[in-house]
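Below: one structure, written as C-alpha cells.
The values are calculated or read from the model by the stated rules, or taken from the named source; none is laboratory data. What you are looking at is a predicted structure, and each value in this text was computed from that prediction instead of being measured. In this analysis, Cβ positions are derived from the backbone assuming ideal geometry, glycine residues included, and neighbour counts consider all displayed protein chains. Accessible surface is based on the protein model in full, side chains and every heavy atom, while ligands, DNA and RNA are left aside. Shrake-Rupley method; radii C 1.70, N 1.55, O 1.52, S 1.80 Å.
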Amino acid sequence: SVYSETGLLLNKAKTLNSVLRSLDLVYKMIQRQSNWPTVISKNWELICAHMDKNVNITRNDQITGKFIGLSEFGEAIVETAEGRINFSIGEFSLREV
C-alpha cells in the first residue's frame, strides 16, 4: 500500500483522480503519435530502476546481463556475454545484481 511504503495517508478519491488524469494524458499522447510504442518505451526507460544495471533473469536457467531497455514490442533487452537477448513477459523476473 502507499501508506506502508511512505507513511502517508492519501485521499483515495483524489489519488484515483490523479491516476486517471495521468492515464488520460498518456492516451491522448498515443492518439497523436504514429510511433507510440517507441514514445511509451522511451519514457518508461527514463524512470526504470533497472536501466543500465546488471540483472539476473531467472527462467528455467539463470542469465546475467545488463538491462539496456525495451524493444518496440515491449520485450526486455539484456546485453549478455553471448550478445543481446530479448525477453518477453512471463518468461523471466528481473533481480538486480
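Brief remarks follow.
- Loop-located chymotrypsin sites (Phe, Trp or Tyr not before Pro) in the chain (DSSP state other than H, G, I, E, B) with a sparse environment of at most 11 neighbouring Cβ atoms within 10 Å: F73.
- Residue among N86, N60, N35 with the largest mean-square fluctuation in a Gaussian network model of the chain, springs linking Cα atoms under 10 Å: N60
- FRET E, pair N11, E75, Förster distance 41 Å, beta-carbon r, rounded to 0.05: 0.65
- Surface composition of the chain: carbon and sulfur atoms hold 55% of the protein heavy-atom accessible area at a 1.4 Å probe.
- Length-normalised contact order of region 30-82 in % [C-alpha pairs under 8 Å, at least 6 apart]: 28 percent
- Residue (of S41, A76, V19) at the positive-pole extreme of region 5-97, dipole from beta-carbon charges: V19
- Partner lysines for K42 [C-alpha distance under 29 Å; skip if fewer than 8 residues away on the same chain]: K14, K28, K53, K66
- Of E45, E72, E82, the residue with the greatest mean-square motion in the GNM of the chain, using alpha carbon springs below 10 Å, is E82.
- A compact globular protein would have a Cα radius of gyration near 2.2 N^0.38 Å; the ratio found for region 8-75 is 1.50.
- Its relative contact order, with pairs defined as Cα atoms under 8 Å and 6+ residues apart, puts the chain at 19 percent.
- In the context of the full set of protein chains, the chain has a per residue accessible area of 77 Å² (1.4 Å probe).
- Test item: Cα-centred dipole of the chain, Lys/Arg +1 and Asp/Glu -1 on Cβ, debye: 520 debye
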